[in-house]
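Undergrad: Got a structure for you, written out below as structure tokens; questions coming shortly.
The values are calculated or read from the model by the stated rules, or taken from the named source; none is laboratory data. Remember, it's a predicted structure, so these values are computed and weren't measured experimentally. All Cβ positions, even for glycine, are placed from backbone atoms using ideal geometry, and neighbour counts span all protein chains on display. To get the accessible areas, we keep the full protein, side chains included, count just its heavy atoms, and leave off ligands, DNA and RNA. Shrake-Rupley method; radii C 1.70, N 1.55, O 1.52, S 1.80 Å.
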Amino acid sequence: MEITEETFNKAATIFDAEKQLLWDCRYLLIARLFASCSYALRLKVGAVLVKDRRIISTGYNGTASGDRNVCEQAVRPDGTDDDRFNSLVDEEVRAHLLELNQHAGYNLRTLPTVIHAEANAILKVAGSHETSQGSTLYITHNPCFECSKMILGAGIVRVVYENRYRAAQGVAFLRSNGIKVDRIPTIEVNRQLNKVLQPNKINIREYGR
């Protein structure tokens, strides 16, 4: 059977797309790992900035360097702030916030001093010898509108995210300005990664004591 040039090109395109999808999922996994560095209690977000298959910057949501590692404020059922634990050390404040969040009517509000993961990644690369022009940003959650403006200004050409979070104005803004935005759901990320990880599992019984 003769393989035509058209058939070959289609097969090559499919192969390249599948290869890119696997790389996307790998970078999203790394974004998940950086999200785990966040001290935020309500939502942990991670971001990875990639250019030419190189990671040039990373970030997670949190306060600025030198500030307290407390990202939320406890809010009473009547809507007022509960400040009674603010004089404690950071670890104790977070522990009390988690406890209060279990009480009926209590909520946690993200402090305005918290910097988003994608903003941290962009700010970090701006202070390095790298440039974000032409790069791809991988994020655990879709960017907000304010961060989307930073993404556009940073020259990032593609954004890949895993989870939907609240409003999607940021995604719409990026697409309207010619930036490619793709979402890869968690189930697909896990499926792609498992295809790579499963064959490499070591059988302890077979490979010794």
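Undergrad: Along each of its three principal axes, how wide is the spread of alpha-carbon positions in the chain, in whole angstrom units, largest first?
TA: 77, 55, 36
Undergrad: How much length would be gained if the chain were fully extended between ILE55 and GLU146, taking 0.36 nm per residue of separation minus their Cα-Cα distance, in nm to one decimal? Please list the in-between numbers first.
TA: On the way: separation 91, 0.36 × 91 = 32.76 nm, distance 2.33 nm.
Using 0.36 nm per residue and subtracting the Cα-Cα distance, I get 30.4 nm.
Undergrad: What does the accessible area per residue of region 50-142 come to in Å², with a 1.4 Å probe and no ligands, DNA or RNA counted?
TA: Working: 4960 Å² over 93 residues.
Result: 53 Å² of accessible area for each residue.
Undergrad: In nm, what is the difference between 0.36 nm times the number of residues separating ARG76 and HIS103 and their Cα-Cα distance? Could you put the intermediate results ahead of the total?
TA: Values: separation 27, 0.36 × 27 = 9.72 nm, distance 0.96 nm.
Length difference between fully extended and current span is 8.8 nm.
Undergrad: Evaluate the distance, in nm, between pseudo-label points positioned 7 Å from the Cα of VAL196 and of ASP83 along their respective Cα→Cβ axes.
TA: Rounded to a tenth, the inter-label distance reads 4.8 nm.
Undergrad: Which is the longest part of the chain that has none of the GluC sites (Glu not before Pro) sitting in a DSSP loop with at most 12 other Cβ atoms within 10 Å? Intermediate values should be presented prior to the final figure.
TA: Details: sites that count: GLU2, GLU206.
So the longest stretch without any such site is 3-205.
Undergrad: Looking at region 131-184, which trypsin sites (Lys or Arg not before Pro) are in a loop (DSSP not H, G, I, E or B) and have at most 14 other Cβ atoms within 10 Å? Intermediate results must be reported in sequence, preceding the final value.
TA: Numbers: sites: LYS149, ARG158, ARG164, ARG166, ARG175, LYS180, ARG183; in loops: ARG164, ARG166.
In loop regions of region 131-184 (DSSP not H, G, I, E or B), the sparsely surrounded trypsin sites (Lys or Arg not before Pro) are ARG164, ARG166.
Undergrad: Counting only pairs 8 or more residues apart or on different chains, how many lysine pairs in the chain have their Cα atoms under 19 Å apart?
TA: So the count works out to 9.
Undergrad: Within the accessible area of region 63-209, what % is carbon and sulfur when the probe is 1.4 Å and the other protein chains stay in place?
TA: 53 percent
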